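Student: My questions will all concern the structure given below.
Every number in this text was worked out from the coordinates using simple rules, so none of it is lab data. Every value quoted in this text rests on a predicted model; they were computed, and no experiment measured them. All Cβ positions, even for glycine, are placed from backbone atoms using ideal geometry, and neighbour counts span all protein chains on display.
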Amino acid sequence: MKLLEFLGINFDELLGSGDDSNPLMWLVWIVPIIIFMFYGQRIQLQITSSEISRSMEKLKTFKEEARKELIEYLKTTLKPATDPTAKIDKFFEHFTIMPVDMDPNGIVPKVRHIVRSREDYVRLQVKTLSPELSSLEASKIENILEAATTLHLLYKIVRHLFLTAKKQNNFPLILPLQMMMPFIMEEAEALKTAVDAFKHGQPIGDGIGPMIVGKMMLGTAKKTVAFETIWSESEYEGRKLYLMKAEGPSATVGRPGDALERIISESKPDIIVMVDAALKLEGEESGSIAQGFGAAIGGIGTDRFQIEEVATKHKIPIYAIVIKQSIKEAITLMKKEIVDSAEKVTSQVHDLIKENTKTGQSALIIGVGNTLGVSQ
Amino acid sequence: MIFSKKKEIITPYSVEQCNSCKAISKRKFKEGDYVFKNTDTCSSCKGQLLITKIFGEVS
């Protein structure tokens, strides 16, 4: 107020508060209302656009850093004769066309065929980078490539939606993107951080299932049951245990569907127990454990379909134990809270076996997830 | 910024356990470590050390 007095400005006159009929003051109120009536959406579009633009820049940095890290990793660990940059860049633009679902009958084997063809192709291409590439290194590269490709795709989709809304000057079109942006950025940040764990071969949160079953497998004779999947036999309080997980310490999830089919054709277990990581709800604690029924397995759904079909055909009940974690925790270095839940889960698995089988019966325990950095 | 997140630095650790004296030791993760890997011999009883856990902690 003192400043206004010093400058010789009358505050009442400025706002016109002393006189309601001041036409200048009337304009001051009415003009913004008219502006907002006609240009409100455009102004909002500008504000939202600048917010999305900032996130998109961050997403672009993540994408480029992941690509750079992958290329540098290849150059330092494999020391290839030729520069792998062109080959890697070609991978980023690869796409997969899913089968027609107008008639969904019999679609699962088609999806499995297409996904496996893609995986086989990537595996083959990675192996061509260096003749002395070990299966562990190859699996690490495949996982880094997957993370970098997903980041590349996320950026391209966000950019497409953003530019379309801007081109059409369409505010409602940009709203779904604005709402989804925090979730997209959370996933992008998780993928970016995951590259580091993959490079160093460190266990990720998703590996808790294979870690629990891997510990139960220690000291038993392990046999290959399906591609990158192993099993062994053990005993617990008069019950026979069939233990199955992906073959560690490679970065793989194995083929639990195929493995289950083969185990059941040889020896029919009385129950199936699946141990897996599950996405927690906001407010739930990381590493908390929950028990339920049904096939606890993520992915595209083909393995889950196969497991459910085999279990239904042989009338075998499926029990599930899940360890809760966020999307970021699931694909980055395993947190202490998650690793510390392993002992509690093991005793819960044993309780479940005791409660649901009699002496002389058998149980199949499956450790589901990416077994990177976890042996058996 | 009220809602700005603090950047966490996660350090990876490996936990080793001796198969005979059951002594547990924690050390920083080394390249090539993996869970259930047999590493060195125990400094107190000469038993075999096994990596039982690898995890990240905020430092």
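Student: Given H placed 1.01 Å from N in the peptide plane, which residues other than close sequence neighbours of A:Ala277 have an amide H under 5 Å from its amide H?
Tutor: A:Gly209, A:Ile323
Student: Relative to the longest principal Cα axis of chain A, at what angle does helix A:135-168 sit, 0 to 90 degrees, rounded to 10?
Tutor: 30 degrees
Student: Right, next: Sorting A:Leu279, A:Leu45 on the 10 Å Cβ count, fewest up front, what's the list? It would help to have the intermediate numbers written out before the result.
Tutor: Working: A:Leu279 13, A:Leu45 20.
Listed from fewest to most nearby Cβ atoms, that is A:Leu279, A:Leu45.
Student: Which pairs in the list A:Lys63/B:Lys28; A:Lys313/B:Lys37; A:Lys268/A:Lys328 are over 31 Å apart, alpha-carbon to alpha-carbon? Mind dumping the intermediate values first?
Tutor: Working: A:Lys63/B:Lys28 29 Å; A:Lys313/B:Lys37 39 Å; A:Lys268/A:Lys328 37 Å.
Correct reply: A:Lys313/B:Lys37; A:Lys268/A:Lys328.
Student: Could you list A:Leu161, A:Leu175, A:Leu59 in order of exposure, starting from the residue whose Cβ has the fewest other Cβ atoms within 10 Å? Walk me through the intermediate numbers first.
Tutor: Working: A:Leu161 17, A:Leu175 14, A:Leu59 24.
Least crowded to most crowded, the residues run A:Leu175, A:Leu161, A:Leu59.
Student: On to the next question. Could you line up A:Leu243, A:Leu24, A:Leu154 from fewest to most neighbouring Cβ atoms inside 10 Å? Can you show the working numbers first?
Tutor: Working: A:Leu243 23, A:Leu24 7, A:Leu154 18.
Ascending Cβ contact count within 10 Å gives the list A:Leu24, A:Leu154, A:Leu243.
Student: Still on this structure: Charges only on Cβ, +1 for Lys and Arg, -1 for Asp and Glu: so what's the dipole of the stretch A:45-200 about the Cα centre, in debye to the nearest 20?
Tutor: On the way: 23 positive and 21 negative charges, 66 e Å.
Using Cβ point charges on Lys, Arg, Asp and Glu, the stretch A:45-200 gives about 320 debye.
Student: Here is a further query. Given a Förster radius of 25 Å and the C-beta distance between A:Leu281 and A:Lys344 as r, what FRET efficiency does 1/(1 + (r/R0)^6) yield to the nearest 0.05? Let's see the in-between values first.
Tutor: Details: r = 20 Å, r/R0 = 0.79.
Efficiency at R0 = 25 Å is approximately 0.80.
Student: Placing unit charges on C-beta atoms (Lys and Arg positive, Asp and Glu negative, everything else neutral), compute the dipole magnitude of the protein assembly as shown about its Cα centre in debye, rounded to 20.
Tutor: On the way: 56 positive and 55 negative charges, 254 e Å.
For the protein assembly as shown, the charge dipole is close to 1220 debye.
Student: Something else now. Classify the stretch A:33-139 as rounded, prolate or oblate from the Cα gyration tensor: take a ≥ b ≥ c as the square roots of its eigenvalues, call it rounded if a/c is under 1.5, otherwise prolate when a/b beats b/c and oblate if not.
Tutor: Oblate.
Student: Follow-up. If you take the charge dipole of the protein assembly as shown about its Cα centre, with +1 on Lys and Arg Cβ and -1 on Asp and Glu Cβ, which of A:Pro317, A:Leu124, A:Met37 is farthest toward its positive end?
Tutor: Value: A:Leu124.
Student: Next up: Write out the GluC sites (Glu not before Pro) in the stretch A:127-204 meeting two conditions: DSSP loop, and at most 16 other Cβ atoms within 10 Å of their Cβ. Let's see the in-between values first.
Tutor: Details: sites: A:Glu132, A:Glu137, A:Glu142, A:Glu146, A:Glu186, A:Glu187, A:Glu189; in loops: A:Glu132.
The qualifying sites are A:Glu132.
Student: Please find the FRET efficiency linking A:Lys268 to A:Thr77, where r is the Cβ-Cβ separation and R0 is fixed at 51 Å, and quote it to the nearest 0.05.
Tutor: Values: r = 44 Å, r/R0 = 0.87.
That pair, A:Lys268 with A:Thr77, gives E of 0.70.
Student: Further question: Do the alpha carbons of any pairs in A:Lys222/B:Lys22; A:Lys223/B:Lys30; A:Lys240/A:Lys344; A:Lys240/B:Lys22 sit beyond 23 Å of each other, and which pairs? Intermediate results must be reported in sequence, preceding the final value.
Tutor: Details: A:Lys222/B:Lys22 25 Å; A:Lys223/B:Lys30 29 Å; A:Lys240/A:Lys344 21 Å; A:Lys240/B:Lys22 27 Å.
From the list (A:Lys222/B:Lys22; A:Lys223/B:Lys30; A:Lys240/A:Lys344; A:Lys240/B:Lys22), the Cα-Cα distance tops 23 Å for A:Lys222/B:Lys22; A:Lys223/B:Lys30; A:Lys240/B:Lys22.
Student: At 0.36 nm per residue, minus the direct Cα-Cα distance, what do A:Leu27 and A:Asn169 gain on full extension? Give it in nm, one decimal, please. Don't skip to the end; give the middle numbers.
Tutor: Numbers: separation 142, 0.36 × 142 = 51.12 nm, distance 2.86 nm.
Full-extension gain reported as 48.3 nm.
Student: Express as a percent, rounded to the nearest 5, the fraction of DSSP beta bridges in chain A (both residues included) that run antiparallel. Before the final figure, lay out the partial values.
Tutor: Working: 17 of 36 bridges.
Taking every DSSP beta bridge within chain A, about 45 percent pair in antiparallel fashion.
Student: Also, I was wondering about something else. Nearest 10 degrees is fine. How inclined is helix A:256-266 to the longest principal axis of chain A, computing both from alpha carbons?
Tutor: Tilt relative to chain A: about 20 degrees.
Student: Scanning chain A for trypsin sites (Lys or Arg not before Pro) in DSSP loops with at most 12 other Cβ atoms within 10 Å, what's the longest stretch left with none? Show your work: numbers first, answer last.
Tutor: Numbers: sites that count: A:Lys315, A:Lys358.
Answer from the scan: A:1-314.
Student: Continuing with the same structure: For helix A:342-356, what angle does its Cα long axis make with the longest principal axis of chain A, in degrees from 0 to 90 and rounded to 10?
Tutor: The answer is roughly 60 degrees.
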